[in-house]
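Contents: one structure, followed by commentary.
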Amino acid sequence: MSKIKVAELFYSIQGEGRYMGVPSVFLRTFGCNFTCAGFGMPKGERSTQNDLVHRDIDKFKTYNELPLVDTGCDSYASWDPRFKHLSPLLQSDVIAERTMALLPNNRWQDEHFIFTGGEPLLGWQKSYPDLLEHEHMQPLKEITFETNGTQSLHKDFKDYLIKWSNKNGRTRESITFSVSAKLSVSGEKREDAIKPDVIAEYQSVGHAYLKYVVANIDDVHEAVEVTDMYRKKGFNGSVYLMPVGGVENVYYMNNRAVAQMAMKMGYRYSDRLQVPLFKNAWGT
């Protein structure tokens, strides 16, 4: 039985992207290849808020007790090794059973299952088939991988996903890759963050779209430039612009401006419903 290090497992509505508003179970795995410390910071500076949280780590006994941050990565505890003790290593059958307990009436209806992180394609690909093949997961029709778009699919996992999408009335559209490609506003280097060949690979398995976190017009111009790089490698999906802001005061500073920039550029706008609805609390 495979195991997965789980930061969070929760039921909520999808707050971002193509399936915004769809009831979903989120499996947030531990581990990421990025820190995204630039979000919400002046250009060239990096957030240290998670460092401040760690100074008081003895105060927090569970993941949900951790404070939210308004700069840097808002899911910092899902990748920062100093918080890994809050993310248990769970067997796939335990995850499947807990998933059922989260669903209304303890059964699948119109819900999606979302692999998120951290970076869910970084270290756990070999474990996902065990989970998806569990008897509790068989009625599931649609899955999404919320990824930064830098991790290639292992051949065995790629082959498995193709088979999964052809069973139980599913189709290729049953698998979605929601690619949050990291622009320079994240603090990550382009050569590390932008991998057009990887997105093309995702498209060979399921549906893929791009979702950029932006703060100003310079970020939007960079998004246009990077999107052209993806298009040249065959990317043919939609492009979303989404406002920076893991807490309300930051989110409301630029959500309207980002929506207007999206309209001007002919891109789609993605809200972050978990912020206005749930204040981006853990487990939402």
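Here, each number is a calculation from the coordinates, and none is a lab measurement. Because the structure is predicted, anything quoted here is derived from the model rather than measured. Because the Cβ atoms are built from the backbone with ideal geometry, glycine has one as well, and the counts that use them run over all protein chains shown.
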Margin query: Suppose we keep just the DSSP beta bridges with both residues in the chain; what percent of those would be antiparallel, to 5?
Written below: 30
Notebook entry, point to check: For ASP218 and ARG256 in the same chain, what is the full-extension length gain: residue separation times 0.36 nm, less their Cα-Cα distance, in nm?
Noted result: 12.1 nm
Next item on the list: Take a quick pass over the range 154-284 and tell me how many lysine pairs come in under 12 angstrom between Cα atoms, counting only ones 8 or more apart or on separate chains.
Entry: 4
Notebook entry, point to check: Karplus couplings for the range 136-143 from phi (6.51 cos²θ - 1.76 cosθ + 1.60, θ = phi - 60°), rounded to Hz, Gly and Pro as x?
Noted result: 5, 9, 5, x, 4, 9, 9, 10
Notebook entry, point to check: Which are the unpartnered cysteines of the chain, meaning those with no other cysteine Cβ under 4.7 Å from their Cβ?
Noted result: CYS32
Notebook entry, point to check: Using 7 Å Cα-to-Cβ label points, what is the LYS3/GLU135 separation (nm, one decimal)?
Noted result: 2.5
Notebook entry, point to check: So who's got an amide H within less than 5 Å of the one on TYR269, skipping anything under 5 residues away but keeping other chains? H placed 1.01 Å off N, in plane.
Noted result: LEU241
Checklist line | Shape metrics for the range 8-153, restricted to C-alpha atoms - Rg then Dmax, Å | finding: 16.2, 49
Check: Taking the Cα centre of the chain as the origin, how large is its charge dipole in debye, to the nearest 20, when only Lys and Arg (+1) and Asp and Glu (-1) carry charge on their Cβ atoms?
Finding: 340
Check: Ranked from highest to lowest mean number of other Cβ atoms within 10 Å per residue, what is the order of the peptides 196-206, 104-114?
Finding: 196-206, 104-114
Check: Ordered by residue, what ³J(HN,Hα) values in Hz, to whole numbers, does the range 271-284 give under the Karplus form 6.51 cos²θ - 1.76 cosθ + 1.60, where θ = phi - 60° and Gly and Pro are x?
Finding: 6, 10, 4, 5, 7, x, 7, 10, 6, 6, 4, 4, x, 10
Notebook entry, point to check: If we count every other residue with Cβ under 11 angstrom of ASN280's Cβ, Lys/Arg +1 and Asp/Glu -1, where does the sum land?
Noted result: -1
Next item on the list: Please report the relative contact order for the range 3-278, taking Cα pairs under 8 Å with a sequence separation of at least 6, and give it as a percent rounded to a whole number.
Entry: 19
Item checked: Karplus (6.51, -1.76, 1.60) ³J(HN,Hα), θ = phi - 60°, over the range 16-29, in Hz, Gly and Pro reported as x -> 9, x, 4, 10, 4, x, 7, x, 8, 9, 10, 10, 9, 8
Next item on the list: Take the Cα atoms of the chain, build their convex hull, and give its volume per residue in Å³.
Entry: 122
Margin query: At 222 nm, what value in deg cm²/dmol follows for the chain if DSSP H runs of at least 4 each add -39500 (n - 2.57) and the sum is divided by all its residues, to the nearest 500?
Written below: -8500 deg cm²/dmol
Next item on the list: At 0.36 nm per residue, minus the direct Cα-Cα distance, what do GLU97 and LYS189 gain on full extension? Give it in nm, one decimal, please.
Entry: 29.2 nm
